[in-house]
Amino acid sequence: MFDILVYLFENYIHNESDVYVNHADLTKELSRAGFHDADIFKALKWLDHLSVLQQSDVKPYLSHTINSSTRIFSSQELQKIDVQGQGFLLFLEQINVLSAETREMVIDRVMDLDGNSISLEDLKWVVLMVLFNVPGHESAYAQMEDLIFEQPEGLLH
């Protein structure tokens, strides 16, 4: 399923293609690309849930977070997001790429992915997808995009 999300993000959303493709056409295209129907359905449902998270009446905790709070992960979240991923989320909050609200959206979307755990690289993609879909976070999206795609130049010490 995650491969489908990245495929959609790279081919439609990130490249600013026509995002308003109807589900039937998109499903056919993804099938032709070699993805299985069950995974396509899960990926489209995941994206639908991402758009629902922007409605504060559906998930009110996203709009009522105290900025100075400390996030304690549940046991299920600890199993899915390893220490490296948790540290990365904290780092993104510290450099103001993620707010408490967008962090919660990322965690919500991570927990809805298949599998028992998520790699750091996949976590970065989820963060990018969430930031892209939240209005008013364009600079955070650009900063995250730089963190993912920018290749360091010169020697690293």
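Read-outs throughout are calculated quantities, based only on the coordinates presented, and are distinct from any laboratory measurement. Only a predicted model underlies this, so the values are computations on that prediction, with no experimental measurement involved.
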What is the Cα radius of gyration of the stretch 92-133 over 2.2 N^0.38 Å, N being its residue count? 1.10
Could you list which residues have their amide H under 5 Å from that of PHE35, counting only those 5 or more apart in sequence or on another chain, with H placed in the peptide plane? none
Karplus couplings for the stretch 114-130 from phi (6.51 cos²θ - 1.76 cosθ + 1.60, θ = phi - 60°), rounded to Hz, Gly and Pro as x? 5, x, 8, 8, 10, 6, 4, 4, 5, 4, 4, 5, 4, 4, 4, 5, 5
Residue by residue through the stretch 102-112, which ³J(HN,Hα) values in whole Hz follow from phi under the Karplus form 6.51 cos²θ - 1.76 cosθ + 1.60 (θ = phi - 60°), with glycine and proline marked x? 5, 4, 5, 5, 4, 4, 4, 6, 5, 5, 8
Once phi is turned into θ = phi - 60°, what whole-Hz ³J(HN,Hα) does the Karplus curve with 6.51, -1.76 and 1.60 give for every residue of the stretch 26-36, x standing for Gly and Pro? 5, 4, 4, 5, 5, 5, 5, 6, x, 8, 7
